[in-house]
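The values are calculated or read from the model by the stated rules, or taken from the named source; none is laboratory data. If you're wondering where the values come from, they're calculated on a predicted model, not measured in any experiment. Cβ placement follows ideal geometry from the backbone for every residue including glycine, while neighbour counts extend to all protein chains displayed. What goes into the accessible areas is simple: the full protein's heavy atoms, side chains included, and nothing from ligands, DNA or RNA. Shrake-Rupley method; radii C 1.70, N 1.55, O 1.52, S 1.80 Å.
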Amino acid sequence: MVGRYGKPRATRLWRLAGRADLPRQRLSRRVLYNGRMRAATLDEMKAYIAFTSEDEANVASLGTQVAPHLRAIADRFYLQIMRHPGARAVLEAEPGRLARLHESFADWLATLFCGRYDAEYWQRRAEIGHVHVRIGLPQHYMFGGMEIVWQELERVIHAAAVPEMEPKLGALHKLLTLETACMLGSYQLSYSEAVRLGERSAVQERLTRAEHLAHIGQMAASLAHEIKNPLAGISGAIQVLRDGLPADDERRPILGEVLRQITRLDGTVRDLLIYARPRPPRPQSCDLHEVVERVLTFLAGEPEMRRVRVEFQPEASLPALELDETQIEQVLINLILNAAQASPDRGLVRVRIHTNDASVHLVIEDQGRGMDEAVRQRAFEPFFTTKVRGTGLGLPICRRIVELHGGSIEVESAVGHGTQVIVELPRGK
Ligand code: ADP
Ligand code: MG
């Protein structure tokens, strides 16, 4: 009888199970690794729970009695497991999966009584364990399943009134404990492999992205240079043309619009240059309140600023700070314009300053449309914009300037409620 459940049939079926659910290459690499791991661990386990060659013979001797019942046990096992929605979802996720697993489980049960519990045996057990891991069968079902197997087999063995039952049941129980250890190992190895792979790809992605951005930066810088000078010439020429026209000439407004577009283009090119060729800050002692006031006055004429209400909350005891005023102005202009652009008409844009022992916080908040998590995550990426006329360079420039000042910049946002950008600058810098 043992022969019937011996190697040839088992090998064929295991291959079947493997081919059905795992790509061949990944399987063999993993199984080799697991086979090596398992040989040492399982030898140790066998010694630990005293699973002897006598036990091996005892389990094998049960084969004859249990064989006629194995199919029914496999059926009951699956009936039981399918009552659980979590397991059921996994087993029914792919057509034919349940039937394949059912078949390989029946074979797994039969092979339990093969009498040879060597490295090859455990390697094949691990192979089946990996199918469970790969299809995402939660680990606790394996433990539950193993208990059901035990209960079912024990019932059948009792009913068959096997002679010298106790040592045989004891040996079977030990073997099932080893099987549980083997399954647990499959899960553990797969999880740690998944974690390693996940970490590696995250790092790789960051590197590729950084290289990509560096290239874009270089290209942008040379392009911007090429554009900037002719742009100044064009703008000058158009001004001359416009000024030469009579005051009521209907072509005047057209030329005015051309000039406005040129100014916009010039702004974009300037941002590109600032981003691509950052200048190290030249810090000087300055009064941040004054910088904010100046920026707000400067921005007051902008159409998007006239739509919103602006409030400034200064800090009572603000020390003089060592900052590059021009650069901090740039940060403020970008953040305040972003806030205004996101705001509804009459929406409130608030600039707050407050300090603690170590740093100064400059907070720009609005009650505008906010950002969802996907936008928030990408907001500091150069060229990322959700605006028709955006450059996507405002926030990256802000971050670069703030970081060059030894500070940091964070965004908190809730869709439909508004956004807070918090710039933290070190005191005494
Ligand atoms: P741009 O303003 O040219 O789009 P930014 O780098 O300044 O580029 O901003 C990138 C993106 O971040 C914006 O397009 C917008 O989607 C989002 N964003 C920035 N500030 C805010 C804000 N205060 N409220 C909502 N979304 C914002
Ligand atoms: Mg912007």
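Below, the figures for the structure above:
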read-out	value
Residue within the stretch 395-410 that is open to solvent by 20 Å² or more (accessible area, probe 1.4 Å), away from ligand 1 (no atom under 11 Å from the Cβ), assigned to a helix (DSSP H, G or I) and not charged (D, E, K, R) present	yes
Residues located in the stretch 270-290, provided they are in a strand (DSSP E or B) and either open to solvent by less than 70 Å² (accessible area, probe 1.4 Å) or in contact (Cβ under 8 Å) with a residue 60 or more places away in the chain (or both)	286
Test set (1) touching a residue at least 12 places away in the same chain (Cβ under 8 Å); (2) in a helix (DSSP H, G or I); (3) open to solvent by less than 40 Å² (accessible area, probe 1.4 Å) - residue 267 fails condition number	(1)
Criterion (open to solvent by 20 Å² or more (accessible area, probe 1.4 Å) and either touching a Phe, Trp or Tyr at 6+ places or on another chain (Cβ under 9 Å) or small (Gly, Ala, Ser) (or both)) met by exactly one of 152, 120	152
Which numbered condition residue 425 fails, given (1) of a type outside the set (Phe, Trp, Tyr); (2) within 13 Å of ligand 1 (Cβ to nearest atom); (3) under 19 Å from residue 281 (Cβ atoms)	(2)
Matching residues, the stretch 302-335, being touching a strand residue (DSSP E or B) at 6+ places or on another chain (Cβ under 8 Å), more than 16 Å from ligand 1 (Cβ to nearest atom) and open to solvent by 60 Å² or more (accessible area, probe 1.4 Å)	313, 314, 317, 320, 322
Qualifying positions in the stretch 322-361 - within 16 Å of ligand 2 (Cβ to nearest atom) and in contact with a His (Cβ under 6 Å, 6 or more places away or on another chain)	none
Among (1) under 26 Å from residue 274 (Cα atoms); (2) more than 16 Å from ligand 2 (Cβ to nearest atom); (3) part of a strand (DSSP E or B) - the single one residue 364 does not satisfy	(2)
Failed condition for residue 420, given (1) open to solvent by 10 Å² or more (accessible area, probe 1.4 Å); (2) within 11 Å of ligand 2 (Cβ to nearest atom); (3) not hydroxyl-bearing (Ser, Thr, Tyr)	(2)
Residue list for the stretch 123-140, restricted to those being surrounded by 18 or more Cβ atoms within 10 Å (Cβ to Cβ), in a helix (DSSP H, G or I) and of a type outside the set (Lys, Arg)	123, 126, 127, 128, 129, 130, 131, 132, 133
Exclusive hit being among the basic types (Lys, Arg) and within 13 Å of ligand 2 (Cβ to nearest atom), set 376, 389	389
Any hit, the stretch 377-386, residues being in contact with a strand residue (DSSP E or B) (Cβ under 7 Å, 6 or more places away or on another chain), more than 8 Å from ligand 1 (Cβ to nearest atom) and either open to solvent by less than 40 Å² (accessible area, probe 1.4 Å) or not β-branched (Val, Ile, Thr) (or both)	no
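To keep it simple, each residue is scored yes or no on (1) touching a helix residue (DSSP H, G or I) at 6+ places or on another chain (Cβ under 9 Å); (2) within 30 Å of residue 128 (Cα to Cα); (3) open to solvent by less than 60 Å² (accessible area, probe 1.4 Å); (4) of a type outside the set (A, V, I, L, M).
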site	(1), (2), (3), (4)
203	no, no, no, no
218	yes, no, no, yes
224	yes, no, yes, no
237	no, no, yes, no
253	no, no, no, yes
259	yes, no, yes, no
292	yes, no, yes, no
